[in-house]
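Coordinate-derived values only; no laboratory data. None of the values given here were measured: they were computed from a predicted structure. Cβ: placed from backbone, ideal geometry, glycine included. Neighbour counts: every protein chain shown.
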Amino acid sequence: MPEITGQTIVILTVSNVIRSATWYGDLLGMEERGRYVRPGGHIEQVFLVEPRTGLPLCLVDHARDPDAFDERRVGLDHLEFLVANRSDLDAWAAQLDELAITHSGVKEPPYTSNAMITFRDPDNIQLEFFWRSPNL
């Protein structure tokens, strides 16, 4: 079987790459590493990297009126950012509050010993900070 590296680049379609790049930069400390500008001046792609982990995120604007994101359609359900410790979720809740990003608060569903915080980006894409219990 051919090999893959195990690394992933997340590529999201957004309605405004500059707005989303700023939002993800503020939230995760991501830095812009490149952009593609069409000959007419339309900024079509912005490439971001989270400097501590190297997580790459490419934001793409296809220059059309997109439908609002809906995780119930076929495709992406949500994007999870894993955290190392349960207490990290409390710190993320405080960070989301500081950035005035509406979120669920830390959720501990009764069907699992995992915990998470759910929130949405400017295009309504569902995101989550997720802690996986070591008991599983």
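How large is the charge dipole for the chain, taken about the Cα centre, if only the Cβ atoms of Lys, Arg (+1) and Asp, Glu (-1) carry charge, to the nearest 20 debye?
180 debye
For the stretch 55-136, which trypsin sites (Lys or Arg not before Pro) are in a loop by DSSP, counting at most 15 other Cβ atoms within 10 Å? Working shown, then result.
Details: sites: Arg64, Arg72, Arg73, Arg86, Lys107, Arg120, Arg132; in loops: Arg64, Arg72, Arg73, Arg132.
Those satisfying the criteria are Arg64, Arg72, Arg73.
Helix 86-98 sits at what angle to the longest principal axis of the chain, using alpha carbons and giving 0 to 90 degrees rounded to 10?
50 degrees
Rounded if a/c is under 1.5, else prolate if a/b is larger than b/c, else oblate: which is the stretch 1-59, with a ≥ b ≥ c the root eigenvalues of its Cα gyration tensor?
In terms of gyration-tensor shape, oblate.
From zero outward in steps of 5 Å, how is the percent of C-alpha pairs of the stretch 41-85 spread across the bins?
Reading upward from the zero bin: 5, 14, 16, 22, 19, 15, 7, 2, 0.
Pull up all non-local amide H partners of Asn114: gap of 5 or more, or a different chain, and H-to-H distance under 5 Å with H placed in the peptide plane.
Ser133
Let's test the formula: R0 of 35 Å, r as the Cβ-Cβ distance of Glu98 and Val10. What FRET efficiency results, to the nearest 0.05? Please list the in-between numbers first.
Working: r = 24 Å, r/R0 = 0.68.
E between Glu98 and Val10, to the nearest 0.05, is 0.90.
How would you rank Asp97, Asp121, going from fewest to most other Cβ atoms within 10 Å of each one's own Cβ?
Least crowded to most crowded, the residues run Asp97, Asp121.
Can you sort Ser15, Ser133 from fewest to most other Cβ atoms within 10 Å of each residue's own Cβ?
Going from sparsest to densest Cβ surroundings: Ser133, Ser15.
In square nanometres, what is the average projected area of the Cα convex hull of the chain?
11.0 nm²
For the chain, find the longest principal axis of its Cα atoms and tell me its angle to the long axis of helix 17-28, 0 to 90°, nearest 10.
Long axis of 17-28 versus the principal axis of the chain: about 30 degrees.
Count neighbours as other Cβ atoms within 10 Å of each site's Cβ, and list the GluC sites (Glu not before Pro) in the stretch 1-48 that are DSSP loop with at most 11 such neighbours.
Numbers: sites: Glu3, Glu31, Glu32, Glu44; in loops: Glu3.
Taking the stretch 1-48 and a limit of 11 other Cβ atoms within 10 Å, the loop GluC sites (Glu not before Pro) found are Glu3.
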